[in-house]
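Here the structure is laid out as structure tokens; the discussion comes afterwards.
The values are calculated or read from the model by the stated rules, or taken from the named source; none is laboratory data. This is a predicted model, so every value here is computed, not measured. Methodologically, a virtual Cβ is constructed for each residue, glycine included, from the backbone with ideal geometry; neighbour enumeration extends over all protein chains shown. All accessible areas refer to the heavy atoms of the entire protein, side chains included, with ligands and DNA or RNA removed. Shrake-Rupley method; radii C 1.70, N 1.55, O 1.52, S 1.80 Å.
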Amino acid sequence: MKTRTADLHLHTLLSPCGSLEMSPDHIISRAVTLGLDTIGITDHNTTRQCEVVRDMGKQKGIEVLMGAEVTTREEVHCLVYFENSTTLRRFQQYLDDHLPEFQNDPGRFGYQVAVDERNNIIYEEGRLLINALDVSLEQMCSVVHSLEGIIIPAHIDRPRFGLIGQLGFIPAGLEVDGFEISVFTEPSRLSARNHTVADYALIRGSDAHQPVMIGSSFSSFLCEKLDFCTFKSMLRQRRNFIYLPESDLFIN
């Protein structure tokens, strides 16, 4: 077994709050510099930059999980990932069908553009991506799993857009594949306050919106290769996780 490091919560320049420096080439270059094995592309309510980053990652030996950070009707942020382009595009159609018709104001919220490997703009999203979808958390879990994807509520310990902050509790029997927690929370303390947490695997990610933040928080995994299938299996078995940084070393 080898230790594989992963930052599975990254925004590109397609997210309105993402820096224009978060282009595919800058993201992959930064991942290589940091020695990351796997990254996750999770723009707000869109997947349209994922495939370019995945293809560029292959050229540099970086595994890229493709997905999004969706906002449910309850304003709970969730990370979702899909195995291939077919399911990813089916989910993108679902997002297109459920994103509110509220137009983006680039001067206020930021540009929402996707680029190719040469940084040529290939798409601009007109609707504001940071709005909540008209889909409940329960419905989102059902849809993601129907596409054989992974769903992980993001930064559940944060007061805004985190599961606990938005709902005040973790619903019993919630059909998610794990939870993401921030670097400011120790798993043991979170589990003591919310016993349901102990029933799920935990990960960390940087939620990077600028290149300098990539890898500032990450998870490490004991496996030969951290691709989608391995990640999915490890989440369900809740094993072989190492939570970093060193101030919070925790093996499950």
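Some notes on this structure:
- Couplings 3J(HN,Hα) for the stretch 55-67, derived from phi with the Karplus relation 6.51 cos²θ - 1.76 cosθ + 1.60 (θ = phi - 60°), are 5, 6, x, 4, 5, 10, x, 9, 6, 10, 8, 9, x Hz, where x marks Gly and Pro.
- Here the chain is scanned for GluC sites (Glu not before Pro) in DSSP loops (not H, G, I, E, B) that have at most 16 other Cβ atoms within 10 Å, and the longest stretch holding none of them is 22-73.
- Across the accessible surface of the stretch 94-252, with the other protein chains kept in place and a 1.4 Å probe, carbon and sulfur atoms take up 51 percent.
- Of the trypsin sites (Lys or Arg not before Pro) in the stretch 28-95, those whose Cβ has at most 16 other Cβ within 10 Å and which sit in DSSP loop: Arg73
- Highest-MSF residue in the chain out of Phe179, Phe231, Phe91 [GNM, Cα springs under 10 Å]: Phe231
- Using C-alpha pairs below 8 Å separated by at least 6 residues, the relative contact order for the stretch 37-108 is 29 percent.
- Annotation: amide H of Leu8 within the under-5 Å range of Gly40, Ser206, Ser219, sequence separation 5 or more or interchain, hydrogens built in the peptide plane.
- Across the chain, the relative contact order, built from alpha-carbon pairs under 8 Å that are at least six residues apart, equals 23 percent.
- For His9, net neighbour charge (Lys/Arg +1, Asp/Glu -1) across residues whose Cβ lies under 9 Å away: -3
- Global form of the stretch 1-133, assessed from the alpha-carbon gyration tensor, a/c cut-off 1.5: prolate
- The phi-based Karplus calculation (6.51 cos²θ - 1.76 cosθ + 1.60; θ = phi - 60°) puts the 3J(HN,Hα) values of the stretch 98-106 at 10, 7, x, 7, 10, 6, 6, 10, x Hz, whole numbers, x for Gly and Pro.
- Probe 1.4 Å - accessible area at Thr3, Å² to nearest ten: 80
- Gain on full extension, evaluated as 0.36 nm per residue between Val32 and Thr86 minus their Cα-Cα distance, stands at 16.7 nm.
- Size of charge dipole - the chain - debye, nearest 20, with Cβ of Lys, Arg +1 and Asp, Glu -1, no other charges: 560
- Across the stretch 110-125, rounded Karplus estimates of 3J(HN,Hα) from the backbone phi angles (6.51 cos²θ - 1.76 cosθ + 1.60, θ = phi - 60°) give x, 6, 10, 10, 10, 10, 8, 5, 9, 6, 7, 5, 10, 6, 10, 8 Hz, Gly and Pro being marked x.
- Most fluctuating residue given options Ala154, Ala192, Ala208, as computed from a GNM of the chain linking Cα atoms under 10 Å: Ala192
- Considering only alpha-carbon pairs that sit under 8 angstrom and 6 or more positions apart, the relative contact order computed for the stretch 68-203 is 26 percent.
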